[in-house]
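Below is one structure; the comments refer to it alone.
The values are calculated or read from the model by the stated rules, or taken from the named source; none is laboratory data. For clarity, every value in this text was computed on a predicted model and none was experimentally measured. Cβ: placed from backbone, ideal geometry, glycine included. Neighbour counts: every protein chain shown. All accessible areas refer to the heavy atoms of the entire protein, side chains included, with ligands and DNA or RNA removed. Shrake-Rupley method; radii C 1.70, N 1.55, O 1.52, S 1.80 Å.
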Amino acid sequence: MPLWLSRQPLVLASKSDIRGKILAAAGLRFEIRPAHIDERAVEAEAGVSDAAAAARVLARAKADAIAATVPGRPVLGADQTLACGDMRLSKPVDAAAAAEQLRALRGRTHELHSALALVRDGTLLFSCIETARLTMRDFSDRFLEEYLDMAGNAALTSVGAYQLEGIGIHLFEKVEGDYFTILGLPLLQFLEYLREHGFVDG
Ligand SMILES: Nc1nc2c(ncn2[C@@H]2O[C@H](COP(=O)(O)OP(=O)(O)OP(=O)(O)O)[C@@H](O)[C@H]2O)c(=O)[nH]1
């Protein structure tokens, strides 16, 4: 089982439950220190326009914020954005917003952009961004109401108001892209970096 071989475990700068579960399931030891940044302010300062660039900038900003507090430690930041045509969506604030978002996405294809940044002492060690394309069924209002009743608050923790690995799968007719990218952490690319740099057994 590949283990995090360095003296000190990785720091994950994320409050995302699923990101922690993904790293733990892969046998990586890590410590969680969520980054509390003003995402809109970071985007404005960086002057990013598209969703993919925003994910990359935000992942780096989260990693930088925590790396500054743990000298010498590698810190992983992550961010995921959702785009559908000209529309950019974020995590819904309540059930009504989740319903509105899903009505806007049904019958259409949207993109999830998942970015990672690994930073130590202000130096970017690794970054990647991966995109997945998901096509939602044109489900009925009745189905949507039942889905949100079953999903409950979990729908508010994801940028698309769904967990693909859960009942969210019922929303889709087609999914193109890497499973871990959809969940918010492009694991295969990260593991390749860890192997190439001796952090885990190759
Ligand atoms: N479980 C699950 N989570 C998903 C899925 N799609 C998106 N997400 C989550 O949606 C969230 C996207 O918001 P982000 O701003 O990237 O991350 P966050 O949850 O706010 O956490 P931070 O990294 O602390 O910013 C992440 O937690 C993703 O893991 C999915 O299909 N399943």
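Being in contact with a helix residue (DSSP H, G or I) (Cβ under 6 Å, 6 or more places away or on another chain), part of a helix (DSSP H, G or I) and either at pLDDT below 95 or among the aliphatic types (A, V, I, L, M) (or both): is that true of residue 161 here? Criteria not met by residue 161. Figure legend. Inter-residue proximity from region 131-150: first residues closer than 12 Å to residue 105 by Cα, second residues part of a helix (DSSP H, G or I) and open to solvent by less than 10 Å² (accessible area, probe 1.4 Å), beta-carbon distance below 6 Å, spacing 6+ or different chains. Indicated pairs: 136/105; 136/171; 144/102.
Restricting attention to region 1-26 and to residues that are farther than 17 Å from residue 116 by Cβ and hydrophobic (A, V, I, L, M, F, W, C), the residue that is modelled with the lowest pLDDT turns out to be 1. Give region 164-202 a look and list any residue that's in a helix (DSSP H, G or I), in contact (Cβ under 8 Å) with a residue 40 or more places away in the chain and within 21 Å of residue 17 (Cα to Cα), or say none. Residues satisfying the conditions are 180, 181, 182, 183, 187, 189, 190, 191. Within region 171-193, the set of residues being surrounded by fewer than 21 Cβ atoms within 10 Å (Cβ to Cβ) and closer than 19 Å to residue 137 by Cα comprises 172, 173, 174, 175, 176, 177, 179. Taken as a whole, the condition of being open to solvent by 20 Å² or more (accessible area, probe 1.4 Å) and either among the aliphatic types (A, V, I, L, M) or within 12 Å of the ligand (Cβ to nearest atom) (or both) applies to residue 167.
Listed here are the strands (runs of 3 or more DSSP E) enclosed by region 4-97 that have at least 1 residues being in contact with a helix residue (DSSP H, G or I) (Cβ under 7 Å, 6 or more places away or on another chain), crowded, with 22+ Cβ neighbours inside 10 Å and hydrophobic (A, V, I, L, M, F, W, C): 10-12, 75-84. Here the condition is being over 21 Å from the mean Cα position of the chain (by Cα), more than 30 Å from residue 199 (Cα to Cα) and surrounded by fewer than 20 Cβ atoms within 10 Å (Cβ to Cβ); of 141, 121, it holds for 141 alone. Restricting attention to region 102-116, does a residue exist that is within 20 Å of residue 194 (Cβ to Cβ), assigned to a strand (DSSP E or B) and more than 20 Å from the chain's Cα centre (by Cα)? So far as region 102-116 goes, no, none of its residues is within 20 Å of residue 194 (Cβ to Cβ), assigned to a strand (DSSP E or B) and more than 20 Å from the chain's Cα centre (by Cα).
Okay, residues lined up against (1) among the polar types (S, T, N, Q); (2) within 24 Å of residue 154 (Cα to Cα); (3) at pLDDT 95 or above:
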{"site": "28", "(1), (2), (3)": "no, no, no"}
{"site": "40", "(1), (2), (3)": "no, yes, no"}
{"site": "56", "(1), (2), (3)": "no, no, yes"}
{"site": "62", "(1), (2), (3)": "no, yes, yes"}
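Looking only at residues in region 134-163 that are on the phi < 0 side of the Ramachandran plot and small (Gly, Ala, Ser), the one that is nearest to the ligand (Cβ to nearest atom) is 158. When the test is whether a residue is among the hydrophobic types (A, V, I, L, M, F, W, C), modelled with pLDDT of 95 or more, surrounded by fewer than 22 Cβ atoms within 10 Å (Cβ to Cβ) and farther than 22 Å from residue 181 by Cα, residue 126 does not pass it.
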